[in-house]
Structure formats: C-alpha cells, structure tokens
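Notes follow once the structure below has been shown.
Read-outs: derived from the displayed coordinates by stated rules, not from any lab. Please read all numbers here as calculations on a predicted model, not as lab measurements. Here Cβ is always computed from backbone atoms with ideal geometry, including for glycine, and neighbour counts include all displayed protein chains.
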Amino acid sequence: MKVLEKFFNKYEHLFLEGGKYEKWHPAFMALYTFMFTPDATTRKGAHIRDAVDLKRVMFTVVLALIPATLFGMWNVGYQYFTHAQLDFTNMDAFVYGFWKVLPMIVVSYVVGLSIEFYFAVLRGHDVNEGYLVTGLLIPLIMPVTIPLWILAVSVVFAVIIGKEVFGGTGMNIVNPALTARAFAFFAYPTFMSGNEVWIPKPENADAYSGETILGALGQGHHIAYTWKDMFFGTIPGSIGETSVLMILIGAALLLYTRVASWRIMVSGFLGAAIMAFIFNLWGANTLMQFPWWEHLLVGGLAFGVVFMATDPVTAAQTRKGKWIYGFLIGLLAIMIRVFNPAYPEGVMLAILLMNVIAPTIDYYVIQANIKKRMKRLVKQTA
Amino acid sequence: MHKQVKISKGLDINLKGKPALKISQAPRSSKYVVRPTEFYGINPRLSVRVGDHVDAGQPLFYHKYIDKIKFTSPVSGTIEDIIRGERRKILKIVIKADPQDSFKEFKVSDPEQLDKAQILDLLLESGLFATIKQRPYDLIANPEDEPKAIFVSAFDSAPLGVDYSFALKDKMKSFAKGLKALTKLTSGKVYLITDGRKATDFDKMEGVEIIKAFGPHPVGNVSVSVEKFEPISKGDRIWTVNPADVAMIGEFFETGRYNPARNIALAGSKVKEPMYYSIKTGADLSAFLKDKLVDDDVRIISGNVLTGSNITKDQFLNFYDNEVTVIPLGKKPRFMGWLPFIGKNRKGFYKFGFSPKELDLDASLYGEERAFVMNEEYEAVMPLDIYPVHLLKAALLGDVEKMEQLGILEVAPEDFALVDYINSSKIEAQELIRKGLDIMQVEIG
C-alpha cells in the first residue's frame, strides 16, 4: 500500500495545474480516489462526517447485484444444457454461463467508463461513480445471446443521451440502464424478444422453444413451470431477472444499508399485486387469468422494482411522492404486460414512463407544502 | 401541564468523550479575545485603540448601523492588539488581562421593577444584548423589533452536548431572574425547551411556557419548537437566547456587573479527562488545554462537533459557545476507504438511529463532493416540515422566491448540521443555508 501511495505521489505533479497532463487530472483523480480515500478533513460545516460516500453507496448496490449475477450465470448454463438435453453438473452450468456473461459485463464497463472518463476530462469535473452500478445493470437486463456490438451501441446511447447530456450522475431524468435496454429493444427488436434469444442456441437442435413465461402466456400457451421455478429462477429470461430469491437477497442488503427506498419497493409490489388481482377478477385471457402472486414472480418486475425503480436520481424525491411513484410503476407494469402482449415486458416501460412523471409528482407534493405555508401567512396578515 | 414536542426524524450520534459531571476552576488566562466576526450580521466600529485600558463590561466596539448595540470586554485589561484582515476588516481584539478584574459598575436592579425600555437600555449598554439572536436569518437581534416570542433551549441534544441542568445548577436563581427580564422584552410568550427524559430544575421555572422535548437530535434546536408553537411568517421576529446567557443576564441584574464566566464542557475522545470547567468567554485556551489532551493530532472545536468552529490554530473560546470539543484529526489517506463493512473505516452509519457503541469519530471528510444523489438521507434527519433537498437546491441557485416558499425563513444553519454529517454527496448544507439566508436578508430584510 505504501508503494502504491508513493507511486501516486510521485506522478501527481504531472496532473496538477501546470503539469504536463493537467487536462487528465480528473482521470488521475478517479484512479487515485478509487485506491485511496483522500486525506481531506472538514473545512466548514459539521466537523464529523459519516464515512459513507457515493463510491460506497454505488459499491453497495453492486454487492447487492452479485447474487443475481452469479445465479444468472449459472442459469444461462442450466437453460442451455437442459434444452440441449445434455448431462451436466452445476459447475458445468456455471462455467458455461460465466464465459457467456463475463464478456458482456466487460464490454459494458469498458465502453461506459471510457465515455464517463472522456466527459470528465472534457468538462474538467470529477468522474462520477454512477456508472459502477449502471455498468452491471445493463448486461443483467439483456438476453444472453445479444451480440456484443449491440450491447456496446446501447451503452453508448444510454450514457450519452441518457445521462451526460443532462450533466452526468445526479442530473439525469431517466434511468440510464433502462435507456440502454429500451434503445436495444426498439432498435434491434429481433435480438431482444422472441423465443430464441433467451437461451444460447444448442448446436444439436434445429428447433427449440426457449420462450419466457410471459411470452408463452401472451401467445395463450400453457406453461410448464411451477411457482418454485419462478421463485428460484430456473426459467428463461434476461440474465439477472429470473431469480426472485436472489433479487430479494440483494433487496435485503439495500434496505439494511438504507441505500434504496423501502417505500418504493413496497408500493411497487403493492401496485403490481393490486393490478394483477383486478385482472384475475376480470379474467378475459390467459395473461389475466395468471394468478396475481405469480405475476409478481415472473418477468422483470422484481428486478425492476428492487434495482431500477429505486434509483434515487430518477425516482420521486419526496416521501409521499415515492409511494405514488412506486405504486404506479407496479400498476402500469402489469397493465402493459396484460394489455399489450407485444410488449410482455411492461416493467421497463413503466419505470421509464414514471421516471419522466416523477418530477411532476414531486411538484404537486411540494406545492401542497408551499400552499400550507402560504395559507398560514395569509391568515397571519389578515 | 407542560407543552410537548416529539420528533422521530433525526439522529443521535453517540460519541466517545462525554464530560463527567464535575466542575473545576480553569486558571485565569493572560489573554482574552473578542472577535467581531462571531457576531453574525454586524458591522463593527471600534471604540478603543491599542494601549487603552478597559474595565470588564466597557465597550470595545459597536454596530455601525444600530450604534446602540455595543460589544464589551469580558475582562479588565489593556488592549494589546487589533488584528485586521483583508480590506482592514477587524478580525480580533486582543486584551491583555489584569491580574484582578475591575468592573464597570451598572445599577443593581430587579427586572421585575423595570419596564421594557429600561431593561433594553441596560442590556445594550452592558453588551449583553449581543447574546440575543433572532429568527429568521439567525443573527443578532435588532432592539427596535418587537419579538413575537422568545425561545430558550436548555436542551443541548447535539452529540456531546452540554448538560445545562448541571452546568447551571448553582446559577438557577440567576437563571430565573434572567428569564424574568426576557419576559419583559416581548408581548408574547417566553418558551423554555427542556429535556423530556428527565426532571430538572428548569421544570420549576415560572412565568414561562415549558416545552418538554422528546426524540433524537435536533429536537433541542429552537426551530423544532418554533415550528410547532410559534411558526414564523414573513415579518415575524423570534428571539433566541442560550440558557448560559440567560443566567448571565440574571447575574448582571443581581450584581450590576458584566461577567461572562460560565461552566463549559470540555469533551471529546482526545481529552484525557472530559469534564466541566469554569471559564470566561474569549479566554485564551492554549495554556489551559496543553496538558489536557491525549496528543497533538487533533481538531479543537469551540462548540459542538456539528456546528462549532475550528479553533485548532487560534485557541480562544467563542462568545456563544459553552463547550470545547477535541476530536482526532484523521488526516490520512485510506486504502480503498470506500469499501463497506471492512476495516476500521466502517462506522456502521448506513443505519440511522441508535448506535449502542460509543464512536470515536475524526474530522476526516471521507470522500469528495458530488451532485445530490441519495435524497432519502436528507429527509431522514430533517424533522421540520420542509423539503431539505429542494430547499438546498433553491439556496444553491439563490432563488429568493423558491427559498421563501420552501420555508427558509423557518430554519437556521444548525438545523442542517445533521445533513452535513449524513449526506453521501458531501454537500455543505449549513454553508448553503447560511448563504441562502444572507441572500434573503438582502432581498427582503
């Protein structure tokens, strides 16, 4: 550690004002502060500070994503070997999936972080930590068969259009990871939906059906999966979204560390449950008849509500607003799912829509606070 | 029946180095200092020159715009130096103390028998008026204003806060007399905020409204009770006085002397034996602190860890403070200090609220400033009915109308001290609110 510290100290002058690589100071600082939390002490305001900073917050989210990521890797292999009707061990499945998923994660981080560094250097501000989370989220919400170049293009679109044009982490309107998915979904639909994208195509099979549960229900097909499959996640789907159990482990960490808002999670699931229950009563087609509690287990709902809806920047910012925001995400997700079988994945669109509406919700919540204050003022002066 | 105020949002930080309940007399310092910069919102004009001799209670300077407001010497002695900064701004007046104090003698009187104008005159003449601050804007009150109410908070809920029921236990009579004087200054009520968890002598005070406060810090802050009982609207003035200063006002009426001696808490994990000391405001602390600290790698604070001022270099007790806190400085880079759950850097403050173990916190910033991201944190420590993130953003932009609508007139920087502490973006909330209040004052006054 001392060696590393010396190394940084030795070259720091090159990046300081007047140094040879002055322009690259943000990049240098990003690397340095990743290795060492700087020795700065408080200069004004409170003399003591919590040890939490954005790096720690973002890393906590990454930690919370690890169970879903590891399980997703295993599930890729499991789905492949099962559909190819081959014998395999759990280790085989994991190793197979690992080598499928790892390149996606690497591409996502390399492309995304390069752009982040570029913008930081261009604008002379610090590199924000937001992409640490986005970079892992993006591969987890993609089908495993997506060509890496589509992934890369989606990342470029998401980081530039979804975030940097607004001023970077903290300023963006919509969730960058979902922006990436939405971009890929509408630009390259054949790679993003259908029966064959969720499982790597077995070489020995001419035709196989790897459709997702929602896809099957949308077609009016019956499904062969039990609720246990759905809960534990041994079903086809985007890499990280299938196992509700693993997502809940992540959710527990996020709630314990107070990184994510429990209000959004609770109201999100509540909204989805109520909507699905209403559809159950209606029961006009297979998707409507699908039991409301199983609706909560399939598709990207759990993943979306736990990891994407709770993004503090794009969510509603007031406590009351969070209840409304989360509830509507759940509600809309199921509604889109049921009413439009062409987009069986309603969560993505529901969250993106609510991201856009969130500031309006906040506006009315805050306006109520302002009105109360103004009313008091009028009463006093009258 | 006492009034009550209860909050659940907030945070008690359980710090190491709580002062023991015993008092010792600090030796008389050879030097005392009065810093005009401590009196927020005034423009000082000097009444003394270097070499002059002053008695305790004799004016050193006055407020240029309201020349009735005078600031007086805490001790008798000779003006040794007047130190100026940029643009000849007066930074401090250094007084070399006489071995024995001689006092400027004022009339001994019972505030009961005096009217408002007489009390104000005495307070202004003796320099005691400077102890009265006003809301909104959190600065020195204007004697021409008619305050809607006066609040005294005898509950210091901040980390390592002063236990006023102990620090003032021998001065309860003076305290009662000081309260009497305050009741004459307002046509409204005088409120006394006390710790709801225990019965103290404060509960027996007469002629005032007693508020029992329950909940985590910042429940002892005046703003919390003001919001509940006397909400501030445009044009309203609320005055606030610290309980030690109330006792000092009472003493002044009893003795006819301005004598800012008080029992301060010397607290913090870097203090060998944290306890209370009797000392005068403005006292040079360097000799006093020398053998009382564990080592030199410290941050010395006049006041508490959340709102106090850094006096590591310039060790004088501030006018408004009843506490000196010494904590580790913690100036060192930390290898991957951002990793959660690992190593000594782990403070466990992910979870807000009760922390059973005493914490030894240092003055490290633990990160770099970022944009607002984790908005949930801010609300969790804000018991007032305002939206902290939105107010801070309005203050950042200097948007007068928005700030007013969002309630900036109801807050003081100290109400955002926990936001400073908790937020992961390292936003300097107290500073932003101070700037916002300054803008408001210029714009609407």
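Under a Cβ-only charge scheme (Lys and Arg +1, Asp and Glu -1), can you give me the dipole magnitude of chain A about the Cα centre, in debye to the nearest 20?
2100
Give me the net charge of A:ILE235's neighbourhood, meaning all other residues with Cβ under 12 Å from the Cβ of A:ILE235; Lys, Arg count +1, Asp, Glu -1.
Once positives and negatives cancel, what remains is -3.
Going by amide H atoms built from the backbone, whose H comes under 5 Å of the H on B:PHE151, apart from near neighbours?
HN-HN under 5 Å from B:PHE151: B:TYR191, B:TRP239, B:THR240, B:VAL241.
Looking at the protein assembly as shown, what % of its DSSP beta bridges pair antiparallel, to the nearest 5?
Among the beta bridges of the protein assembly as shown, antiparallel pairing accounts for roughly 60 percent.
Apply the membrane-span-like helix rule to chain A: whole DSSP H runs, Cα extent along the own long axis of at least 27 Å, mean Kyte-Doolittle hydropathy at least -0.5. List the helices found.
TM-like helix candidates: A:54-83, A:90-123, A:262-282, A:319-339, A:346-381.
Pick out which of B:LEU359, B:LEU182, B:LEU120 has the largest mean-square fluctuation in a Gaussian network model of chain B, springs linking Cα atoms closer than 10 Å.
B:LEU359
Treating cross-link reach as a plain straight distance, find the lysines whose alpha-carbon is under 17 Å from the alpha-carbon of B:LYS6, omitting any fewer than eight places away in the same chain.
Reachable lysines: B:LYS198, B:LYS212, B:LYS228.
Given contacts defined as C-alpha pairs under 8 Å and at least six residues apart, what's the relative contact order of chain A, whole-number percent?
15 percent.
May I ask you to evaluate 6.51 cos²θ - 1.76 cosθ + 1.60, the Karplus curve with θ = phi - 60°, for each residue of segment B:276-284 and list the ³J(HN,Hα) values in order in whole Hz, giving x for glycine and proline?
9, 10, 8, 7, 9, 5, x, 5, 6
Residues with amide H under 5 Å of B:LEU11's amide H, sequence separation 5 or more or different chain, H placed in the peptide plane at 1.01 Å from N; which?
B:HIS217
Give B:LYS180/B:LYS280; A:LYS163/B:LYS331; A:LYS10/B:LYS332; B:LYS92/B:LYS180; B:LYS3/B:LYS177; A:LYS23/B:LYS435 a once-over and call out the pairs whose C-alpha atoms are over 26 Å from each other.
Long pairs (Cα-Cα over 26 Å): A:LYS163/B:LYS331; B:LYS92/B:LYS180; A:LYS23/B:LYS435.
Can you grab the distance from the C-alpha centre of segment B:385-402 to the C-alpha centre of segment B:3-21, Å, no decimals?
Between the Cα centre of segment B:385-402 and that of segment B:3-21, the gap is 27 Å.
How big, on average over all directions, is the shadow cast by the Cα convex hull of the protein assembly as shown, in nm²?
Taking the Cα atoms of the protein assembly as shown, their convex hull projects to 39.7 nm² on average.
Quick check: net charge around B:LEU293, other residues with Cβ under 9 Å of its Cβ, Lys/Arg +1 and Asp/Glu -1?
That sum, taken over residues with Cβ under 9 Å, equals +1.
Please report the net charge: other residues with Cβ closer than 10 Å to the Cβ of A:THR310, K and R +1, D and E -1.
0
Show me the GluC sites (Glu not before Pro) within segment A:137-222 that DSSP assigns to loop and that have at most 12 other Cβ atoms within 10 Å of their Cβ.
A:GLU203
Once you charge only the Cβ atoms, +1 for Lys and Arg and -1 for Asp and Glu, what is the size of the charge dipole of segment A:261-382 about its Cα centre, to the nearest 20 debye?
Rounded to the nearest 20 debye, it is 1040 debye.
Under a 5 Å amide H to amide H cut-off, with H placed in plane at 1.01 Å, what residues pair with B:TRP338 once short-range neighbours are removed?
Counting only residues 5 or more places away or on other chains, the set is A:THR37.
Share of antiparallel DSSP beta bridges in chain B, in percent to the nearest 5?
So the antiparallel bridges amount to about 60 percent of the total.
When only Cα pairs under 8 Å and 6 or more residues apart are kept, what is the percent relative contact order across chain B?
Rounded, it is 20 percent for chain B.
Specify the inter-centroid distance of segment B:210-234 and segment B:105-157, based on alpha-carbon positions, in whole Å.
Value for the Cα centre distance between the two parts: 20 Å.
If the reach is capped at under 20 angstrom between alpha carbons, list the aspartates and glutamates near B:LYS116, excluding any in the same chain fewer than eight residues apart.
Those aspartates and glutamates meeting the cut-off are B:ASP67, B:GLU125, B:GLU144, B:ASP145, B:GLU146, B:GLU206, B:GLU209, B:ASP236, B:ASP245, B:GLU251, B:GLU254.
Excluding residues on the same chain fewer than 8 positions from B:LYS22, give the aspartates and glutamates whose Cα lies under 16 Å from its Cα.
List returned: B:ASP163, B:ASP170, B:GLU273, B:GLU323.
Using θ = phi - 60° and the Karplus form 6.51 cos²θ - 1.76 cosθ + 1.60, what ³J(HN,Hα) does each residue of segment B:315-327 get, whole Hz, x for Gly and Pro?
7, 10, 6, 5, 4, 8, 8, 10, 7, 10, 10, 10, 10
For chain A, what is the calculated [θ] at 222 nm in deg cm²/dmol (nearest 500), taking -39500 (n - 2.57) for each run of four or more DSSP H residues and dividing by its residue count?
That calculation yields -20000 deg cm²/dmol at 222 nm.
For chain B, what is the mean residue ellipticity at 222 nm derived from helices alone (per DSSP H run of n ≥ 4: -39500 (n - 2.57); sum divided by total residues; nearest 500 deg cm²/dmol)?
Rounded to the nearest 500, it is -6000 deg cm²/dmol.
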